[in-house]
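**Student:** What follows is a single structure, and I will ask about it in a moment.
The values are calculated or read from the model by the stated rules, or taken from the named source; none is laboratory data. Every value quoted in this text rests on a predicted model; they were computed, and no experiment measured them. Cβ atoms come from the backbone with ideal geometry, glycine included; neighbour counts cover every protein chain shown. Side chains are part of the model used for accessible areas, which takes the heavy atoms of the whole protein and leaves out ligands, DNA and RNA. Shrake-Rupley method; radii C 1.70, N 1.55, O 1.52, S 1.80 Å.
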Amino acid sequence: MSLSVAVRPSLRFAASRVVSSRQVVKATGPCICQAIRHNSTSTEANPKISSIVDQISGLTLLETADLVALLKCRLNIQDIVIPSAAAAPAAADAAAAEPESEPVQEKTMFNVKLESFETSAKPKIIKEVKSLLGLNLVESKKFVESAPKILRENVTKEDAEKIKATLEGLGAKIALE
């Protein structure tokens, strides 16, 4: 159950209220506010809390600052330090000064690219590309003739090396990216 209290104005405020960070609106008339307790069975606010809210809403900005300082002191609430933009580069420099303890990760997924081939080995390479990619003979011929072209994408290291060894044995030049 949430104990947060929202204040909903029923009529106009008697005091000034902030509409945006730059504009203050003055309203006239009686100040009748209705407090609503979220997720609660009771819709009426505690009269003690209502009187405190009324008293706080009548304070000036300086009086409110004094109230906040006094509450922090009495309740032993620590100030929260929010890092500024000037502190960010110093933190980045400190992180860069630390030696890298993690080793560079080895690449596990590769793209197999047909760079070029020997003209005498062209029919063998076309047959191998046909079986690798599941293309028909005409599509395989066009694929091989349009080299350099990627044969397979996102292949594991073992499979990529196996395909490379097979095609290089036939006379093709293969690159693993």
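**Student:** Being part of a strand (DSSP E or B) and surrounded by 14 or more Cβ atoms within 10 Å (Cβ to Cβ) is the filter here, so list the residues in segment 112-127 that pass it.
**Tutor:** Matches in segment 112-127: 112, 113, 114, 117.
**Student:** Considering each residue of segment 133-177, count those that are farther than 11 Å from residue 112 by Cα, outside any helix (DSSP H, G or I) and open to solvent by 70 Å² or more (accessible area, probe 1.4 Å), and give that number.
**Tutor:** 1
**Student:** List pairs: first in segment 35-64 and at pLDDT below 90, second among the aliphatic types (A, V, I, L, M) and open to solvent by 100 Å² or more (accessible area, probe 1.4 Å), Cβ under 7 Å, 6+ apart or cross-chain?
**Tutor:** 39/1; 40/1
**Student:** Follow-up question, since we're still on this one. Looking at (1) at pLDDT below 90; (2) open to solvent by 60 Å² or more (accessible area, probe 1.4 Å), find the lone condition where residue 130 falls short.
**Tutor:** (1)
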